[in-house]
Amino acid sequence: MQRLHRTTTRSRMLFAALVAAAVVATVTPARQATAQQAPAEHAPAEQAPAEHAPAAQAETAGQESDQAVGGEVSENSSAKDSAAQNPTAAENSADKSEKTPWISLTGHWKACQFGGEGDVIIKDDVIKLEHGDPLTGVVWTGPFEGDAAKTGANEPASDSAQPLPRDNYEVRWECRRNSGYDFLCAFTVPVADQYISLVMGGWGGGITGISSIDGRDASDNETTMFMSYDDKKWYSARLRVETTKITVWVDGKELFSHPRADHEFDIRFEMDPCTPMGIANFECDSQIRNVQLRRLHASEIAVAK
C-alpha cells in the first residue's frame, strides 16, 4: 500500500509538471507575439508628425513670406509718405530715371558788382545774399561752351570747371528769403545766344515769371504767375531750357512751359552782371543752396524736336 501511494504521488506530480509546461509553452508565444505587435500598433502615432511636417513647413514658409512682403510694403509706404511730405525729395526721386546725371555747381561763384550791393557770404555751398540797395548777387565764373571763363580782377580763371551748355539743359536749386519784401531770387541763364531771368517774388513779393519775352517783363507776359513766398521757408525751383520751349517748376509743380519759336528773349539791363549765369535778390536777405545742372540726353532733345 505504501509503495502504491508513492507511485500515485509521483504520477500526480509528473502530471502537474506536464500541465505547467504546457501552460508555459502556450502563454510565452502569445506574450512574445503581443510584445512584437505593440510597437507596430504604436508606430503610426510616432510617425504622425512626419505626415504633418509638410503642412507645418508650408505654414512656416507662408509666415516668412508674409513677413518679407510686409516689410517691403512698409518700406515702400514710408518712402511714399516721405515723398508726399517733401516735394523736393519727391522731385529728386523722380530724377533717378533721367538719362544724364546732375552735377553740382560749387566753388566758382563770385560777387557781382552792381553798385550798392550787400555782402555775399558763401559757406558750406550755401550762398547768402545780404540786403542790397537794391541788388546783391553772384555770377558763375566757370566757362560756357564757346566762351572764355569770366573772371574778376583779383581772381584766376576757373580752368578746373567743365564748360557748361548754353542750350538743352536744366538747372535746379533751393532758395529762401530771410527778410525783405521783394524777389528772393532772380536766376539768370543762357538760352543759346540769348538770356533770361526767372524772377521769384518780384514786384513787391507776389510775381513769378520770366524776364523778358519779346521785351515784356515777368510782370507782364504769358509766364506771369501770382505767388507769395513765406520768409524763412525753403523753396525748390527747376528751369529747363530745351530746343522748343522753356519750362519752370516750383516745389515740383509745373508753373508754365513757354515756346521758343518766334520769340525773342532778353534780360533787364540791371541783371547784366549776372550773365551768362548768375543769381541775385532785390532789397532783401536771402539764401541759395544745392545749385545743380544737367545736360539733356540726345534722346530727350530728339523727342523735343
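Projecting label points 7 angstrom from Cα along Cα→Cβ for SER257 and PHE226 puts them 2.6 nm apart. Less than 5 angstrom separates the built amide H of THR223 from those of ILE210, all sequence-distant by 5 or more or on a different chain.
Once you sort the root eigenvalues of the Cα gyration tensor of the range 169-222 as a ≥ b ≥ c, which label holds: rounded (a/c under 1.5), prolate (a/b larger than b/c) or oblate (the other case)? Note, shape of the range 169-222 comes out oblate.
Would you please give the FRET efficiency between GLU283 and GLN162, computed as 1/(1 + (r/R0)^6) with r the Cβ-Cβ distance and R0 = 35 Å, to the nearest 0.05?
Working: r = 35 Å, r/R0 = 0.99.
The calculated FRET efficiency here is 0.50.
Here the 3J(HN,Hα) profile of the range 250-264, calculated from phi with Karplus coefficients 6.51, -1.76 and 1.60 at θ = phi - 60°, is 10, 6, x, 9, 5, 8, 6, 9, 9, x, 9, 4, 6, 10, 10 Hz, Gly and Pro shown as x. The length gained by stretching the chain between SER219 and ASP133 to full extension, at 0.36 nm per residue less their Cα-Cα distance, is 28.9 nm.
How do ARG216, ARG294, ARG238 stack up against each other in accessible area, from largest to smallest, with a 1.4 angstrom probe?
Working: ARG216 90, ARG294 0, ARG238 25 Å².
In descending accessible area the options line up as ARG216, ARG238, ARG294.
When the Cα gyration tensor is reduced to axis lengths a ≥ b ≥ c, the ratio a/c is 1.5 or higher for the range 100-234, and with a/b not above b/c it is classed as oblate.
Pull out a ≥ b ≥ c, the square roots of the eigenvalues of the alpha-carbon gyration tensor of the range 256-305, then state rounded if a/c is under 1.5, prolate if not and a/b is larger than b/c, and oblate in the remaining case. Oblate shape, in that a/c is at least 1.5 and b/c is the bigger or equal ratio.
The values are calculated or read from the model by the stated rules, or taken from the named source; none is laboratory data. Fair warning: this is a prediction, and the values are worked out from it, not measured in the lab. Cβ coordinates were reconstructed from backbone atoms using ideal geometry, including for glycine residues, and neighbour counts include every protein chain displayed. Areas reflect the complete protein model, heavy atoms only, side chains present, ligands, DNA and RNA absent. Shrake-Rupley method; radii C 1.70, N 1.55, O 1.52, S 1.80 Å.
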